[in-house]
Each structure stands twice: as structure tokens, then as C-alpha cells.
């Protein structure tokens with residue numbers, strides 16, 4: 001039933017997006033294998049009406065759902081990108097369908113599948129962006145298995161890591177609660193009970209994280225036990241990079257954006273762009289419009305433009 005609901009929600013999003021899609025682009029559902037060929041990845045895929053060799057891949061946050069914690073509005077970004085001759089792909093990650101048992105590092109296989117799909121469609125210049133937890137996801141991919149077709153990267157409303165984000169956002173009592181919870185999870189793994197369920201209540205207000213002990217550590221652990229840490233791998237990124245962040249982000253508070261920008265030490269060009277008054281999600285209206293235009297303008301200016309197919 002849960003899988004059916006997720007599939008239905010994805011379909012509703014597709015229909016909702018298609019109704020208001022700009023005539024300059026066509027929205028499709030793409031389906032391609034992950035890099036390990038163990039499962040298929042579904043994705044929203046906007047294609048400009050004119051052939052192009054440029055594509056932006058946007059990796060979602062938290063559970064890997066395209067819709068995220070709210071109803072993201074990708075239409076403005078898709079339309080702005082299409083107007084500049086750039087295709088747009090938003091994959092739904094494997095962690096969505098297996099959240100209690102998900103392992104953070106598996107995202108490398110999912111992103112690898114998306115990049116392979118892009119290359120199979122003839123795209124030669126790829127921008128790889130991530131929103132929220134998607135930021136640590138793209139940082140890990142770039143460190144572990146970067147494809148030379150990826151030419152630029154971007155972090156939208158991204159976090160340092162779930163653990164570090166929690167340290168910034170929460171008071172001392174809540175931080176101590178998380179540390180105690182993580183220690184219990186570590187003890188369970190050491191006892192051979194890593195597949196046993198655990199539940200951390202109110203990670204966000206009224207939003208709980210129910211996972212196995214091993215899975216929880218892989219997503220929410222400290223830097224030495226989790227790879228869900230953008231600032232751990234960002235120093236290895238040697239491409240132009242942008243950090244786009246709302247000044248009113250209620251989840252990824254400002255220190256996240258500043259730390260990610262500072263960690264991009266090897267980037268030949270890095271920018272930190274603040275969106276005044278924007279919150280965490282790409283909500284319909286001025287936030288989605290502004291971030292969509294900001295992303296499209298930056299990518300268009302920084303992603304190499306090969307000779308397009310005529």
C-alpha cells in the first residue's frame with residue numbers, strides 16, 4: 001500500500017506539472033537502471049523542443065522523494081532551463097522505497113545510473129545539483145565516482161550533514177538526546193543487531209525517523225561513521241560550484257551554506273548566492289520562480305555549450 005501511494009503521488013506530480021508545462025519543453029517519465037543494475041530508477045525528465053547536449057540533474061533530499069517534505073514546484077526551473085536550451089532530470093532515489101533499510105552510500109549507484117542515462121541520450125555537458133540532503137549525495141558521488149561529463153555542481157538549500165544540521169538548529173538538550181540515541185544504535189550494531197528497528201522522534205516537529213540502527217547511523221551519524229556529509233567530500237570537487245540558499249531557510253540554517261561554500265576549496269570558481277526571504281522548499285510562487293531563474297542563469301553561464309545538434 002505504501003509503495004502504491006508513493007507511485008500515485010509521483011503520477012499526480014507528473015500530471016500536475018504537465019498541465020502547466022511551458023510549451024518550450026516536454027515532460028516525460030524516464031526509467032533507467034541504477035549503476036549496479038539491481039533496480040530501475042524513475043525520474044521526471046523535461047526535454048526542450050530544440051535538441052541540446054546540456055542537462056541538469058537535480059538530486060532530491062531526505063528520503064529521496066521527488067516531492068520532498070512538501071510539494072516542490074520544479075516547473076519554473078524546468079521552463080527557465082528549457083528556454084536556455086538545457087534539459088532537466090529529477091530522479092527518485094532507491095531510498096524512498098526502502099527507507100527503513102536504506103544505506104546512504106547506495107546513492108552513488110543511483111546518480112551513476114542517472115549520468116549513464118544522460119550520456120545514452122547524447123548529453124555531453126552535465127550539471128549535477130542537489131537540494132537539502134541531495135547536497136551531501138552529490139558531494140559523495142563526485143568524490144567516489146565522478147564522471148567527466150559532469151562539468152559543474154550546485155547545492156540548493158543544502159545541509160552540511162543531518163547530524164551537523166541538527167547541531168545548528170537544535171538546543172543543547174536535543175543535541176544530547178541525539179548523541180545518546182546514536183550511541184544506542186552503535187551498541188546495537190556492535191551486538192550484531194544492526195538490522196533491528198529504531199525510531200528517533202521529532203527530527204523535525206512531528207516527523208520521526210524510523211529505520212534500522214545501521215541505516216540510521218549511515219544517514220544521521222557523525223562524520224567518522226557516515227558519508228552523508230557534504231563538507232567531508234566537497235574539498236575534492238575540482239569543478240565550478242555554486243551554493244544557492246534562502247536567507248529564511250527554516251531547516252538548513254545559514255551556517256550550512258557558509259560551511260559548504262568554505263569547504264569547496266578546490267573549486268576553480270565558487271559562488272554563494274543568497275535568495276532573500278526564501279525558505280527551504282521550492283514552494284509554488286516567488287520562491288520556486290526565483291530559485292528556478294537563479295539556477296538556470298548560473299548553469300547557462302557556467303556549463304560549457306558544445307556545438308548543438310542541428
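Values in this text are rule-based calculations from the coordinates and carry no lab data. What you see is a predicted model, and the numbers here were worked out from it, not measured in a lab. Cβ: placed from backbone, ideal geometry, glycine included. Neighbour counts: every protein chain shown.
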Over the chain, with a Gaussian network built from C-alpha contacts below 10 Å, which listed residue (51, 148, 284) shows the highest mean-square fluctuation? 148
Find how much the distance from residue 38 to residue 170 grows on full extension, using 0.36 nm per residue of separation minus their present alpha carbon separation; answer in nm with one decimal. 43.7 nm
Cα-based Rg/(2.2 N^0.38 Å) for the stretch 69-116, rounded to two decimals, is 1.44
Alpha carbon centroid spacing (whole Å) that separates the stretch 256-310 from the stretch 175-249: 25 Å
Per its Cα gyration tensor (rounded if a/c is under 1.5, else prolate when a/b beats b/c, else oblate), the stretch 163-225 is best filed as prolate
Calculated from the structure, semi-axes √(5λ) of the Cα gyration tensor in Å equals which of (i) 34, 22, 18; (ii) 45, 27, 16; (iii) 31, 21, 19? (iii)
Send over the per residue convex hull volume for the stretch 208-308, Cα only, as a whole number of Å³. 157 Å³
DSSP beta bridges in the chain, what fraction antiparallel, as a percent rounded to 5? 40 percent
Taking Cα atoms only, helix 107-120 is inclined relative to the longest principal axis of the chain by an angle, in degrees rounded to 10, of 10 degrees
Semi-axis lengths, Å, the stretch 47-126, gyration tensor of Cα atoms, sqrt of 5 times eigenvalues: 25, 16, 7
Project the alpha carbons of the stretch 141-282 onto their principal axes and report the range along each, largest first, in whole Å. 46, 35, 23
Is it possible to state the helix-based mean residue ellipticity at 222 nm for the chain, with each DSSP H run of 4+ residues giving -39500 (n - 2.57), the sum divided by total residues, to the nearest 500 deg cm²/dmol? What is it? -12000 deg cm²/dmol
Viscosity 0.692 mPa s, temperature 37 °C: Stokes-Einstein D of the stretch 17-155 from its Kirkwood Cα radius, in µm² per second? 221 µm²/s
Would you mind computing, in nm to one decimal, how far apart the modelled labels at residue 184 and residue 199 are, each placed 7 Å from Cα along Cα→Cβ? 1.2 nm
With no solvent and one point per C-alpha, what does the Debye sum give as log10 I(q)/I(0) for the stretch 195-257 at q = 0.18 Å⁻¹? -0.88
Can you bin the stretch 122-192 into rounded, prolate or oblate? Criterion: square roots of the alpha carbon gyration tensor eigenvalues sorted a ≥ b ≥ c, rounded for a/c under 1.5, prolate for a/b above b/c, oblate for the rest. oblate
Calculate the spin-label point distance for residue 26 paired with residue 121, positioning each point 7 Å from the Cα along the beta-carbon direction, and give it in nanometres. 1.2 nm
Of all DSSP beta bridges in the stretch 118-275, what percent run antiparallel (nearest 5)? 25 percent
Residue order, fewest to most surrounding Cβ atoms within 10 angstrom, among 165, 258: 258, 165
